[in-house]
Amino acid sequence: MTIDHSTEATNLTVRRTGRMVHDVPETGEFMVHRSAFTDGAVLERERRNILSRCWVYVGHASEIPNVGDYRTRSVVGRQVIFCRDRNDEVRVLLNTCRHRGALVCREPQGNDTTFTCFYHKWQYRNSGELIGVPGKISFPESFTLADNGLASASQVETYRDFVFASFDSSAPPLVEYLAGAADFIDRIADQGFRDGMEIVDGAHLYSMRCNWKLVVENSIDGYHGFPVHSTYFQYIGSRGVDLSVGLDGVPRDLGNGHACLDYLAPFARTVARTTAPMSDRAKQLITDIRAEADAALGEERAALVADRSKNIFVYPNLLIIDAASLQIRVLDPVATDYTNISAWLLAPRGEDRELRQIRSDSYQEFLGPGGFATPDDCEALETCQIGYQNIAEVEWNLVNKGYGVDAPEAVDNETQIRAFWRQWDSDMAGGPDGGTR
C-alpha cells in the first residue's frame, strides 16, 4: 500500500475515519497524526474514553501505613484524598464538598479521622460519610446526611501495594486489566523480598510543556538514550563504567496498552543500581543481599528481579523506571501542550542507611528534575511540541522502527510504543464493543 503524504490526502483520511493511527503490518507502515498532540478536542476525548475509564495509579500503600493516614493529590485531573479509613480500608475520595464544592482537605498529607470543609464546616468521616452540617434544621426534609457523603472512585484495588482506582464501575478486575504488566510489577515488588517496598519520603513535582503522550513514548524509548543523554554516559564512563555493554534487551508488548523495555544496561547493579563508587562495606552488603535473593526467590527469578533494568509502562499514565534507580512516575495531562509529572523514589523497606543513600544519590543524579536525564528529555520533548506548529505541511510521526523484526533489540525496535498507540487508537475510536474495555 502506498500512502499519499499530501496535506489534502492526510487531512481527508483523519476526517473520514476519525483515526489518527495508521497501521499497515503488510508494509511495515505505522504513523501517528500530529493532531493527536495538538488538538484540544483530542484531549477532551482522551479524558472521556481513556483517563475516566481505565485503571489509574493513585499511590503506594506504604504512603498511608496507619489508620487515619491520608495524602491529597491530583489523579488524571481529579482532586482526591488517598487515605486509610478507621476500618483500615484504603479509600480514594473526591476532594470536593457536596455543598458548594470547596476542597474538604487542604493539607498535602496527615492523619485524621475526619475532614472538615473550611467554607461552611460540613464534616465528613475519612470513609466518606457526611456526619456534621451546621444549621441542618434549615435544610428541607428531603436533605439527608446519608445522601451527601463524599463521592469516591467507582472502584479501588491494590496489587502488590500499588493502589489503583477506576472512575468507571464497568472496568474489569484490576489483575485482568494489568495483563502482562502484573509480572513486571511483581519483579519490582520482589526487590523487597525481605520486608516489602516503600516510598521514600518526599516527591518531585514538575511539568513539561509538551503533550503527555510524548512523555509516555520517551519513557519507554531506547533509541534516544545515547544521543540525548551523551553527557551522562560520558560522565559514568569517566567513573569506569563499561559502556560497551550497550542497551541490549527486548521491547515487550504486555497487552491492554501496557509495555516494557527489559534490558541489560551499563549501570545495572544486582539489587542496588548505581554508577557511584561504593565502599567495601556497601559492596559486601549487595553481595549478601543478592545471595539472599537467590535463596528467597530462586536464582532464575532473582536474576530477572535484580540484574535487569526495566522501563515499565502501565497504560494509560504510569511509568515505573527501574534503571539508574527505581522511580514511580505519573503523568497528569493539563493541556495539549502541558503535562504535570509526579515522581517518587521506591526502595526496599528498612534498607541499610548507606545503601539507601547510594540509591537516593543515583536517583537524583539521573532521574531527578535536576539530574542528567530529565532536563535532556524535557528539552527534546518540548522541541517536538514546538515542531508540531508545522503540522499543515508535516502531519505524521513515524513509529515504524523495527516493525516486523522477529528478534528485536531495545534500541532497534518500537514494538513497545506501538503497543501503546494501538490501545490508544482503539479506546479513542470507542473500542470493539461500543466503547467498553
Look through segment 382-406, keep the residues that are among the hydrophobic types (A, V, I, L, M, F, W, C) and either in contact with a Leu (Cβ under 7 Å, 6 or more places away or on another chain) or modelled with pLDDT under 90 (or both), and return whichever of them is surrounded by the fewest Cβ atoms within 10 Å (Cβ to Cβ). V405
Cβ contacts < 8 Å: first residue within 12 Å of V32 (Cβ to Cβ), restricted to segment 211-224; second residue of a type in the set (S, T, N, Q) and part of a helix (DSSP H, G or I), any location; separation 6+ or different chain. Result? N211/T38; N211/Q385; L214/Q385
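Yes or no, residue by residue, for (1) touching a strand residue (DSSP E or B) at 6+ places or on another chain (Cβ under 7 Å); (2) among the aliphatic types (A, V, I, L, M); (3) at pLDDT below 90; (4) not assigned by TED's automatic domain parsing to the domain that holds Q109:
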{"position": "T2", "(1), (2), (3), (4)": "no, no, yes, yes"}
{"position": "T10", "(1), (2), (3), (4)": "yes, no, yes, yes"}
{"position": "E44", "(1), (2), (3), (4)": "no, no, no, yes"}
{"position": "R47", "(1), (2), (3), (4)": "no, no, no, yes"}
{"position": "Y57", "(1), (2), (3), (4)": "yes, no, no, yes"}
Helices (runs of 4 or more DSSP H) wholly inside segment 140-243 containing at least 3 residues that are over 19 Å from G257 (Cβ atoms) and in contact with an Asp or Glu (Cβ under 9 Å, 6 or more places away or on another chain): 230-238
Could you please find all residues in segment 388-397 being polar (S, T, N, Q) and either within 28 Å of the chain's Cα centre (by Cα) or in a loop (DSSP other than H, G, I, E, B) (or both)? Q389, N397
Looking only at helices (runs of 4 or more DSSP H) that fall completely inside segment 277-381, which ones have 1 or more residues that are within 17 Å of the chain's Cα centre (by Cα) and either farther than 22 Å from V56 by Cβ or modelled with pLDDT under 95 (or both)? 353-366
Can you find a residue that is crowded, with 18+ Cβ neighbours inside 10 Å, at pLDDT 90 or above and part of a helix (DSSP H, G or I) anywhere in segment 407-414? no
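Here's the yes/no breakdown for (1) modelled with pLDDT under 95; (2) over 26 Å from L346 (Cα atoms):
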| position | (1), (2) |
| --- | --- |
| L130 | no, yes |
| V133 | no, yes |
| V163 | no, no |
| S169 | no, yes |
| F184 | no, no |
| S207 | no, no |
| D221 | yes, no |
| F226 | yes, no |
So, of the residues in segment 103-158 that are among the polar types (S, T, N, Q) and under 30 Å from L178 (Cα atoms), which turns out to be nearest to the chain's Cα centre (by Cα)? T158
Segment 158-185, residues that are buried (at least 18 other Cβ atoms within 10 Å of the Cβ) and among the acidic types (D, E): D161
Output the number of the condition that N400 fails; it satisfies all remaining conditions of (1) assigned to a strand (DSSP E or B); (2) under 30 Å from R47 (Cβ atoms). (1)
So if I check each of L331, L355, which one is farther than 30 Å from F37 by Cβ, in contact (Cβ under 8 Å) with a residue 60 or more places away in the chain and surrounded by 19 or more Cβ atoms within 10 Å (Cβ to Cβ)? L355
For segment 58-88, name all the residues that are part of a strand (DSSP E or B) and basic (K, R). R71, R73, R78, R84
Mind listing just one residue for me: the one in segment 52-102 that is of a type in the set (F, W, Y) and within 18 Å of the chain's Cα centre (by Cα) and, of those, surrounded by the fewest Cβ atoms within 10 Å (Cβ to Cβ)? Y57
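The values are calculated or read from the model by the stated rules, or taken from the named source; none is laboratory data. Small disclaimer: the values here were computed from a predicted structure and weren't measured. Methodologically, a virtual Cβ is constructed for each residue, glycine included, from the backbone with ideal geometry; neighbour enumeration extends over all protein chains shown.
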